[in-house]
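Visitor: Shown below is the structure under consideration.
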Amino acid sequence: MKTLTYLFLVLLLPGAAAEAQLSKQRKSMIPPEPGTINVEDMLPKPVMLKVLQEAPVYTRSALEQAIGSMAPGTVVKLIGLSDTAYRVRGRARHGDVSGWVRMGDLLSPDPNLVTNLRKLHERQTQVEEMIANKQVALGMTGDEVQASLGKPARKSTKINAGGREEKLEYVVYERVPQFTTGLDPLGRPVQSVVYLKVETGNMAVTLKDNVVDSIEETKGNPLGSGGVKIVPGPIFFNW
């Protein structure tokens, strides 16, 4: 009997773990509703809100179908927002839920929370586009510059009464296609392409207190015809 019980547990636990992992994957793959913003992964630490009054919890941001309610004083985690509601995760009267609650039913740690989160989302969208295109802009942080351009060829640091200044020097390359023609095993002509890494210019990026303050083209035109781009500087929260 003990052997059968042991075998049953061995078979059950991996299945339960797999089911939990699948549930986690399904949850992470759910896209945000149109017009809403997911903030859970944007912030270095979670934002906790407090329920002010009996608060219905809804399945959608339109606040049309309630799935329960939260008691006054309940502390919940912010995971998204729309124009009129927060998406939160926490304890409702019937159990743990994730859903939408009217903004007026929750107390925020910052009166400018929504405005700043929208600014942060807009900035993050711009920076992600710059990184995807391997570009740099005024207002980016040092980590964002290196995520876009990689490790600099040279780096120097200067510290004075005004703060910390860093200079990152980059050699900029372009991938140039080279086409060649050969024969396949049957003797038929086949064209292939090889990309060569060709130096197109040099660029120096200066950061003051870890934010890009100036960009200098020291050789060629690595910034291209668009010139210097600007993104909003980092946004800091007071909580």
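Only the coordinates and a few stated rules stand behind these numbers; no lab work does. Computed from a predicted structure; not experimentally measured. Here Cβ is always computed from backbone atoms with ideal geometry, including for glycine, and neighbour counts include all displayed protein chains.
Visitor: Just to confirm the number: angle between the C-alpha axis of helix 113-132 and the first principal axis of the chain, 0 to 90 degrees, nearest 10?
Guide: 40 degrees
Visitor: What share of all Cα pairs of the chain, in percent, falls into each consecutive 5 Å distance bin?
Guide: 1, 5, 10, 11, 10, 9, 8, 9, 10, 9, 7, 5, 3, 2, 1, 0
Visitor: Please give the net charge around Lys77, taking every other residue with its beta carbon less than 13 angstrom from that of Lys77, where Lys and Arg add +1 and Asp and Glu add -1.
Guide: Surrounding charge for Lys77 is +2.
Visitor: List, in the order given, every pair from Lys197/Lys219; Lys45/Lys229; Lys77/Lys134; Lys119/Lys219; Lys134/Lys197; Lys119/Lys158 whose Cα-Cα distance in the structure shown is over 24 Å.
Guide: Listed pairs above 24 Å: Lys45/Lys229; Lys77/Lys134; Lys119/Lys219; Lys119/Lys158.
Visitor: Return a whole-number percent for the relative contact order of the range 134-230, with Cα pairs under 8 Å and 6 or more residues apart as the contact set.
Guide: Relative contact order for the range 134-230 comes out at 30 percent.
Visitor: Once you charge only the Cβ atoms, +1 for Lys and Arg and -1 for Asp and Glu, what is the size of the charge dipole of the range 37-147 about its Cα centre, to the nearest 20 debye?
Guide: Using Cβ point charges on Lys, Arg, Asp and Glu, the range 37-147 gives about 300 debye.
Visitor: Charges on Cβ only, +1 for Lys and Arg, -1 for Asp and Glu, centred on the Cα centroid of the range 32-109; of Tyr86, Val97, Gln65, which one is farthest towards the dipole's positive end?
Guide: The one lying farthest along the dipole's positive direction is Val97.
Visitor: Give the residue from Met42, Gly227, Gln191 lying farthest towards the positive end of the charge dipole for the chain; charges sit on Cβ (+1 for Lys and Arg, -1 for Asp and Glu) and the dipole is referred to the Cα centre.
Guide: Met42
Visitor: Going by alpha carbons, how many degrees (0 to 90, nearest 10) lie between the helix axis of 2-28 and the longest principal axis of the chain?
Guide: So the helix axis and the longest Cα principal axis differ by about 60 degrees.
Visitor: Using the Cα centre as the reference, give the magnitude of the dipole from point charges on the C-beta atoms of the range 134-230 (Lys, Arg: +1; Asp, Glu: -1; all else neutral), rounded to the nearest 20 debye.
Guide: Values: 13 positive and 12 negative charges, 36 e Å.
Using only the charged Cβ atoms, the result is roughly 180 debye.
Visitor: Taking neighbour Cβ counts within 10 Å as the exposure measure, how do Tyr58, Tyr86, Tyr173, Tyr195 sort from fewest upward?
Guide: Tyr195, Tyr173, Tyr58, Tyr86
Visitor: Using only the alpha carbons of the range 32-109, what is the convex hull's orientation-averaged projected area in square nanometres? Don't skip to the end; give the middle numbers.
Guide: On the way: hull surface 18.8 nm².
Averaged projected hull area, Cα only: 4.7 nm².
Visitor: Could you size up the charge dipole of the chain around its Cα centre, putting +1 on the beta carbon of Lys and Arg and -1 on that of Asp and Glu, and report it in debye to the nearest 20?
Guide: 580 debye
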